[in-house]
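Worksheet: one structure, shown below.
The values are calculated or read from the model by the stated rules, or taken from the named source; none is laboratory data. Being a predicted model, the structure only gives us computed values, none of them experimental. Cβ sites come from the backbone with ideal geometry, for glycine too, and all protein chains shown count toward neighbours. Protein only, heavy atoms only, side chains kept; ligands, DNA and RNA dropped before computing areas. Shrake-Rupley method; radii C 1.70, N 1.55, O 1.52, S 1.80 Å.
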Amino acid sequence: MYTDIIKSLVTLPATDLNFTADLKRATSNQIRIAVETMERNGGKNKTRIAACKRELKRRDR
C-alpha cells in the first residue's frame with residue numbers, strides 16, 4: 001500500500017483523477033519520495049513534480 005501510492009504518483013499523468021486522489025491520500029513523506037524518484041529519473045515529469053511540490057507547500061502552511 002505504501003509503495004502503491006508512490007508508484008501511482010510517479011507513473012500517472014498529473015491530470016488523471018487517480019493521481020489527484022492519491023496525492024490527497026499520500027503522506028508528506030510519500031510525496032517527497034515520489035518527487036525524489038521523478039527527479040532522479042531525469043526530471044522529465046515537470047507537471048507531476050510541480051503538483052507534488054504544490055501539495056507539500058499547501059500542507060506546510
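Of D4, D22, which has the most accessible area with a 1.4 Å probe, and how do the rest follow in descending order? Display every interim value, and only then the final one.
On the way: D4 95, D22 20 Å².
Highest to lowest solvent-accessible surface, that is D4, D22.
Could you point to the label whose value was computed as Cα extents along the principal axes in Å for the structure here, given [x] 28, 23, 20; [y] 94, 10, 7; [z] 32, 25, 23?
Answer by label: [x].
With the contact rule set at Cα under 8 Å and sequence spacing of 6 or more, what percent relative contact order holds for the chain? Let's see the in-between values first.
Working: 50 pairs, mean separation 20.3, N = 61.
Answer for the chain is 33 percent.
Long-range amide H contacts for D16: which residues qualify at under 5 Å (H placed 1.01 Å from N, peptide plane, sequence gap of 5 or more or a different chain)?
Amide H neighbours of D16: none.
Less than 11 Å Cβ to Cβ from D16, Lys/Arg counted +1 and Asp/Glu -1: what total charge do the surrounding residues give?
Details: positive: R48; negative: D22.
Around D16, the charge tally is 0.
What accessible area, in Å² to the nearest ten, does a 1.4 Å probe give for D16?
Using a 1.4 Å probe on the heavy atoms, I get roughly 50 Å².
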